[in-house]
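These notes are about the structure you will find just below.
The values are calculated or read from the model by the stated rules, or taken from the named source; none is laboratory data. Note that the structure is predicted; figures quoted are calculated from it, not measured. Don't worry about glycine lacking a Cβ; one is built from the backbone with ideal geometry, like all the others, and counts go over all protein chains shown.
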Amino acid sequence: MLELHNVETFYGNIQALKSISMEIAQGEIVTLIGANGAGKSTTLMSISGIVPPRTGEIRFEGKPIQGLPPNAIVSMGISQVPEGRRIFPYLTVLENLDMGAFLRDDKPAIKSDLDYIFELFPILAERRHQAGGTLSGGEQQMLAISRALMARPRLLLLDEPSLGLAPLVVKRIFEIVKKINSENNTTVFLVEQNANLALKTAHRGYVMENGRIIMADAADKLMVNEDVRKAYLGI
């Protein structure tokens, strides 16, 4: 579904991604783990068109997308949940969700998707007329995920969904991620600092270090890899 070939991304003269290549098949949950500053978020932003790569190729369902504007990439079926949630704090929950469906014109299906969101996250249904900025951190993360889902993506990009949240909230959010993947066949690319949780959730994983992919394997095999255990799992 998604292929990256020798992608290199820069911030000015600083190279953040160094010839990275990876692929994600339809229906998978794939995680990208690594230390802070390794280039994980830049990888997602390169896919989304927010920080376009300088060289290399990104293909989604066989079509090159590098160089396309972010709205065109969303309309093709890729949605990103950014690090730090970044909801619209002065808009209500319902208005935030409407923004997620901004590029769509299939009103009956939008209503159906909204009902599905409220089934996934009943607390958002209760707070639908409440300003997004007044929600708790966990509720804002639920809203950020839901806003991305309202675009009806085939590929969902998640950037540090556990960041700053209580363990019980994190557990619930990752249960929902697996539910979205299994029920809707939504492919998930997960960037996550909590490597243990990420590898328990994903089918496969990539390990990034200093802008390079240094390892790739099935998630259960990475869980028992000695180098991964020492560097990222604290074992």
Considering only residues of the stretch 1-27 that are of a type in the set (S, T, N, Q) and part of a strand (DSSP E or B), which is nearest to residue 45 (Cα to Cα)?
-> 9
When you scan the stretch 90-109, how many residues do you find that are among the hydrophobic types (A, V, I, L, M, F, W, C) and modelled with pLDDT under 90?
-> 5
Expected output for the stretch 110-139 (first residue at pLDDT 90 or above and outside any loop (DSSP other than H, G, I, E, B), partner of a type in the set (Gly, Ala, Ser) and surrounded by fewer than 16 Cβ atoms within 10 Å (Cβ to Cβ), Cβ below 8 Å, 6+ apart or cross-chain) is 118/125
Kindly provide the set of residues from the stretch 169-202 that are crowded, with 17+ Cβ neighbours inside 10 Å, of a type outside the set (A, V, I, L, M) and within 25 Å of residue 26 (Cβ to Cβ), ordered by number.
-> 174, 181, 186, 187, 189, 192, 201
Output for Cβ contacts, cut-off 6 Å, separation at least six or different chains, first residue farther than 14 Å from residue 197 by Cβ and modelled with pLDDT of 90 or more in the stretch 213-235, second of a type in the set (Phe, Trp, Tyr) and not in a helix (DSSP H, G or I), reads 213/206; 216/206
Residue within the stretch 134-155 that is surrounded by fewer than 20 Cβ atoms within 10 Å (Cβ to Cβ), out of contact with any Gly (no Cβ under 7 Å at 6 or more places or on another chain), hydrophobic (A, V, I, L, M, F, W, C) and over 19 Å from residue 32 (Cβ atoms) present | no
Looking at (1) surrounded by fewer than 24 Cβ atoms within 10 Å (Cβ to Cβ); (2) in contact with a Gly (Cβ under 7 Å, 6 or more places away or on another chain); (3) over 22 Å from residue 33 (Cα atoms); (4) free of Cβ contacts under 8 Å to residues at least 60 places away in the same chain, find the lone condition where residue 166 falls short.
-> (3)
Name the pairs: first residue in the stretch 30-54 and farther than 13 Å from residue 159 by Cα, second residue of a type in the set (A, V, I, L, M, F, W, C) and not in a helix (DSSP H, G or I), Cβ to Cβ under 8 Å, at least 6 apart or on different chains?
-> 38/208; 49/65; 49/68; 51/16; 53/7; 53/17; 54/10
Within the bounds of the stretch 190-198, is there any residue that is touching a Gly at 6+ places or on another chain (Cβ under 9 Å), free of Cβ contacts under 8 Å to residues at least 40 places away in the same chain and not small (Gly, Ala, Ser)?
-> yes
Would you be able to say whether some residue in the stretch 76-83 is without any contact (Cβ under 8 Å) to a residue 24 or more places away in the chain, over 28 Å from residue 131 (Cβ atoms) and surrounded by fewer than 18 Cβ atoms within 10 Å (Cβ to Cβ)?
-> yes
Quick one: residue 56 ticks every box in (1) part of a strand (DSSP E or B); (2) closer than 28 Å to residue 133 by Cα; (3) among the small types (Gly, Ala, Ser) except a single one, so which number is it?
-> (2)
Would you point out which residue out of 196, 181 is part of a helix (DSSP H, G or I), in contact with a strand residue (DSSP E or B) (Cβ under 6 Å, 6 or more places away or on another chain) and not hydrophobic (A, V, I, L, M, F, W, C)?
-> 181
Might you check whether a residue that is in a loop (DSSP other than H, G, I, E, B), modelled with pLDDT of 95 or more and over 16 Å from residue 207 (Cβ atoms) occurs anywhere in the stretch 28-46?
-> yes
